[in-house]
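Scroll down for the structure; my scribbles are underneath it.
The values are calculated or read from the model by the stated rules, or taken from the named source; none is laboratory data. Keep in mind it's a predicted model, so treat the numbers as computed, not measured. Counting neighbours? That spans all protein chains shown, and the Cβs are built from the backbone with ideal geometry, glycine included.
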Amino acid sequence: MKRWKKTLLISFVVLAVIACVGPFLVPVPPLEETVTESELADPDSKFIEVNDVTIHYKEQGNGETTFILLHGFGASAFSWREVMDDFAARGRVIAYDRPAFGLTERPMPETWKTNPYSMDANIELLRGLMDALGIEKAVLVGNSAGGAVSVAFALRYPERMDALVLVDPGLGGGRGPQFPDWVLPLMRTPQARHIGPLLVRDIAVSGDETILRAWSDPSKVTDEIFEGYHKPLQANNWDRGLYELTFAPAHSELRPLLPNLKTPTFIIGGEDDLIIRPWYFEAIAPEIPGAQLVLLPNCGHVPQEECPDVFMQEIIQFLESVVE
């Protein structure tokens, strides 16, 4: 019996050593041909430091109404290119890249004071961005996971809101893929952080399939669109930033809080959304006081890209009733 216990103990120690040391033995080659975010900037790109993070954004127009556009998981300010001019015709419009995406800086754990990828950090970054740009109140337009950030912000800072537009919103936790609570501490270990980039680099291969699924008609996805979505994958540490986001502290479940929203709200989605099914939009709309819902035929998860004309027509009609 004693010998059996000794063997079991030795086996346990060996397995523990393998678990602790093994991941560090896995080679993680550095990304090739990546550059700084500023080197990838467009002629109309702007950068500003907010809460110790350098934010990339684009800005057009002026006027009393300010629109702030928040992209979804895996996207960037690029996803608003088809409607920037339309919003700018009605006021000031700002589209920015959330941390881990686009050309916004990707801070690493060894340098940050607080986790910049958490939902709380996203809320405070948006508030800080508004303060830095002299914006007292705004219409937030959030697509997919950007909708979660928009809702969380509206709940915390209702006095900073003019209106809320949720575009095919996902109100999970604002970070994209969700994992069981017991997994998150494991993902935060040095071992997991070492090999984590290998796990997320697959997005460079599988991401195109997700882009195609976001459209009702995949034939509309041009080479230019693929290039726009691929561009951030040339930025330094894009893989590590995305890994950090996947297990950053999320918001508590937002759906039970929807009845507390005090902001005029408009939900607009694609009838052919394959990423977040339209029945979800129909379910949450009655839970938001006074919310309006419109589903667009022949549109998928990103109607601002696939169906920009009818998308803007519906939003303008809503805004005329609550803001203008």
From the option list ASP120, ASP131, ASP97, single residue qualifying as acidic (Asp, Glu) and closer than 21 Å to LEU261 by Cβ is ASP120
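Does the range 305-312 include one or more residues that are closer than 23 Å to ARG160 by Cβ and either touching a strand residue (DSSP E or B) at 6+ places or on another chain (Cβ under 9 Å) or surrounded by fewer than 18 Cβ atoms within 10 Å (Cβ to Cβ) (or both)?
No, that holds for no residue.
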Residue by residue through the range 266-316, note down the ones that are closer than 19 Å to HIS71 by Cα and polar (S, T, N, Q). GLN304
By residue number, the members of the range 276-294 that are more than 18 Å from VAL141 (Cα to Cα) and in contact with a helix residue (DSSP H, G or I) (Cβ under 6 Å, 6 or more places away or on another chain) are GLU287
So which of PHE311, PHE266, PHE247 is at pLDDT below 95, within 26 Å of PHE101 (Cα to Cα) and under 22 Å from the mean Cα position of the chain (by Cα)? PHE247
Can you name every residue in the range 98-138 that is surrounded by fewer than 21 Cβ atoms within 10 Å (Cβ to Cβ) and at positive phi? GLY134
All positions within the range 215-231 that are touching an Asp or Glu at 6+ places or on another chain (Cβ under 8 Å) and not hydroxyl-bearing (Ser, Thr, Tyr): TRP215, ASP217, LYS220, ILE225, PHE226
Could you tell me which of the residues VAL83, VAL93, VAL141 is under 13 Å from the mean Cα position of the chain (by Cα), of a type in the set (Val, Ile, Thr) and under 21 Å from ASP309 (Cα atoms)? VAL141
For the range 62-144, give me every one of the strands (runs of 3 or more DSSP E) that falls completely inside it and has 3 or more residues that are at pLDDT 95 or above, β-branched (Val, Ile, Thr) and touching a helix residue (DSSP H, G or I) at 6+ places or on another chain (Cβ under 9 Å). none
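Can you spot a residue in the range 270-279 that is within 23 Å of MET119 (Cα to Cα), within 18 Å of the chain's Cα centre (by Cα) and not polar (S, T, N, Q)? Step through it out loud before you land on a result.
Taking the range 270-279 and keeping what is within 23 Å of MET119 (Cα to Cα), we get 275-276.
Next cut, within 18 Å of the chain's Cα centre (by Cα) only: 275-276.
This time we only want the ones that are not polar (S, T, N, Q), so: 275-276.
Within the range 270-279, one or more residues are within 23 Å of MET119 (Cα to Cα), within 18 Å of the chain's Cα centre (by Cα) and not polar (S, T, N, Q).
Residues PRO256, PRO232, PRO264: which one is closer than 30 Å to GLU287 by Cα and touching a helix residue (DSSP H, G or I) at 6+ places or on another chain (Cβ under 7 Å)?
None of the others qualify; the one that does is PRO264.
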Checking GLY146 against (1) within 24 Å of VAL323 (Cβ to Cβ); (2) more than 18 Å from the chain's Cα centre (by Cα), only one condition comes out false. Which one? (2)
Boolean, ALA95 is in contact (Cβ under 8 Å) with a residue 60 or more places away in the chain and surrounded by 19 or more Cβ atoms within 10 Å (Cβ to Cβ): no
Test result for PHE266, surrounded by 21 or more Cβ atoms within 10 Å (Cβ to Cβ) and on the phi < 0 side of the Ramachandran plot: yes
Within the range 205-238, track down each residue that is in a loop (DSSP other than H, G, I, E, B) and either of a type outside the set (S, T, N, Q) or touching a residue at least 40 places away in the same chain (Cβ under 8 Å) (or both). ALA214, TRP215, SER216, ASP217, VAL221, ASN236, ASN237
